[in-house]
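The values are calculated or read from the model by the stated rules, or taken from the named source; none is laboratory data. Computed from a predicted structure; not experimentally measured. Positions of Cβ are backbone-derived with ideal geometry, glycine not excepted, and every protein chain shown enters the neighbour counts.
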């Protein structure tokens, strides 16, 4: 027989990990709303930004850097390639790493999207202290992007 449990909303709000998950989902919705006029999603922005920071990445490296499952990257990369925002290397094929690069169209879209995303820092306060506090708290949870990807729910 299952044990009964009694929890309040305060009890639930007292779970830091659950609060971060809920906040991340809300922030993703807010950012998606801000980026919608540019016809780019937050994850697509992440892909373009990561390529700008380290052009010539593999799909697996991109998946780790934006926090999505490697299986999800195939459709994501295909969509971005179809919009001519990225280009894959010509050495594609089973067992071969395909190096993905930004196109000039991708760089132009990133140049328009980056200030929109950068402005989201204001959601954490009017000064840099709020942003720094959030980053300082959350960055250790992310770990280095050079490590193998963990299962992403």
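Structural remarks
- Selection count where residues are in a helix (DSSP H, G or I), out of contact with any helix residue (DSSP H, G or I) (no Cβ under 7 Å at 6 or more places or on another chain) and surrounded by 13 or more Cβ atoms within 10 Å (Cβ to Cβ), scope region 60-71: 2
- Enumeration of residues in region 36-59 that are surrounded by 11 or more Cβ atoms within 10 Å (Cβ to Cβ) and over 25 Å from residue 71 (Cα atoms): 38
- Considering residues of region 97-142 that are exposed (fewer than 12 other Cβ atoms within 10 Å of the Cβ) and under 25 Å from residue 80 (Cβ atoms) only, the residue modelled with the lowest pLDDT: 142
- Summed over region 20-66, residues that are more than 17 Å from residue 142 (Cβ to Cβ), over 12 Å from the mean Cα position of the chain (by Cα) and free of Cβ contacts under 8 Å to residues at least 12 places away in the same chain total 7.
- Residues satisfying the stated conditions in region 116-137, i.e. farther than 24 Å from residue 37 by Cα and in contact with a helix residue (DSSP H, G or I) (Cβ under 6 Å, 6 or more places away or on another chain): 130, 131, 134
- Residues of region 6-35 classified as within 13 Å of residue 116 (Cα to Cα) and surrounded by 11 or more Cβ atoms within 10 Å (Cβ to Cβ), total: 5
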